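Asks: For reference, the structure I am asking about is given below.
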Amino acid sequence: MPRTFAYVRVSTVGQTTENQIQEIEAAGFRVEPRRVVTETISGSTSIAQRRGFARLMDRLEAGDILIVTKLDRLGRDAMDVSTTVKMLGAMGVKVYCLALGGADLTSSSGTMTMQVLNAVAQFERDLLIERTQSGLRRAKSEGKTLGRPSVLSEGERQSVLQDLAEGMSVSALARKFSTSRQTIMRVRSENSPPRLFLTAGPLSPTLETCAPMNNFSHSGHEEHYFLRVRLTGFWLAGFGYLPGVNGQSTPLLCSSHTAL
C-alpha cells in the first residue's frame, strides 16, 4: 500500500507550518503526523542543502506519494525544482503540488507543466542578464568606475610610485600602506612607461634576439643583450615601442638596416 508523505517548509522560526498542513488536509490527502516532514530554512537554499528534505529522501520508496503546497518547497528555482522532480520520478515516487491544482508532477501532464516553467525561468534569466549588461554599458558611458573600489587612494598611489622610484622594495611598501604585495605590483605595472626594444639578427636569418634599450650597449663589434649572449657580426634590424606584456619582448616597427 502506498504511503503518503508531506513536506512543509517555512523560512523563519516565527512562522508556522500549520497552514500548509491544513491546506493539504483540505485537498483530501490524509497524512499521518509521523510522515509530515517540517523544515525551517530559507527558500533561497538549494534542495541539496536542506537536511530535512534529505532525511525525507531516505524514507521514500517506490510507490510512495509526496505532497507539497507550492513548487518552491521542492527547490530554490525552476531548474532545482525540475531536478528534484526528475529524481523523485526515477525513484517511483509521485509528487503532487497543490498550487498547480494537485497535478502529479511526474506524470505526462506534469512533465509538460515543468517544461513550461523551465522555459519561463530561462526567459527571466535572459532578461536579467540583458538588463545587467545594459546597466553596465550605461554606467561606462557616464564615466562611472566599475568593479571593486581601489584599495589605495590617488595620493597613496602617487606616493607608491615615488617610493618605488627611490628604490624602496615592494614588500616594504606593502607594509607601509598596510596592503598586499600584489596591490603594490599592480600600481607599478599600471604606471610603467613603454619600453624601447631592438631587434637584431645575424647575417644568416636563423636567429632573432630582442633587447630593451636600457640593457643595450655598443662596444666595437660586441653587443651585450639582456640574454647575456655574446653576439658578433649582427645587423640592426629595426626598433619600436611596445609595452611589456607578461614579460614578453616583441618589436613593433622596423626601419632600414644599419650596421652595428
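We did not get these values from a lab; they are worked out from the coordinates using the rules stated. The structure displayed is predicted, hence computed values, not measured ones. As a convention, Cβ positions derive from the backbone with ideal geometry for all residues, glycine included, and neighbour counts pool all protein chains shown.
Asks: Amide H neighbours of F5 under 5 Å, at least 5 residues apart or on other chains, H built in the peptide plane: list them.
Replies: Here I65, L66, I67 satisfy the definition.
Asks: Then there's this: Report the trypsin sites (Lys or Arg not before Pro) located in the stretch 123-196 that are in a DSSP loop and have at most 12 other Cβ atoms inside 10 Å of their Cβ, or state none.
Replies: K144
Asks: Ranked highest first by the average count of other Cβ atoms within 10 Å around their residues, in what order do 55-68, 22-35 fall?
Replies: So the order, starting with the most tightly packed, is 55-68, 22-35.
Asks: Just order 93-102, 74-83, 110-119 by mean Cβ neighbour count inside 10 Å, highest at the front, would you?
Replies: Details: 93-102: 17.7, 74-83: 19.3, 110-119: 14.9.
Answer by packing, highest mean first, reads 74-83, 93-102, 110-119.
Asks: Within 10 Å, count the other beta carbons around each residue, average over each peptide in 4-12, 164-172, and list them highest first.
Replies: Listed from highest to lowest mean packing, they are 4-12, 164-172.
Asks: Follow-up question, since we're still on this one. Could you check the spin-label model distance between E190 and S11? Points 7 Å from the Cα along Cα→Cβ, value in nm.
Replies: About 3.9 nm, to one decimal.
Asks: Classify the stretch 1-115 as rounded, prolate or oblate from the Cα gyration tensor: take a ≥ b ≥ c as the square roots of its eigenvalues, call it rounded if a/c is under 1.5, otherwise prolate when a/b beats b/c and oblate if not.
Replies: In terms of gyration-tensor shape, rounded.
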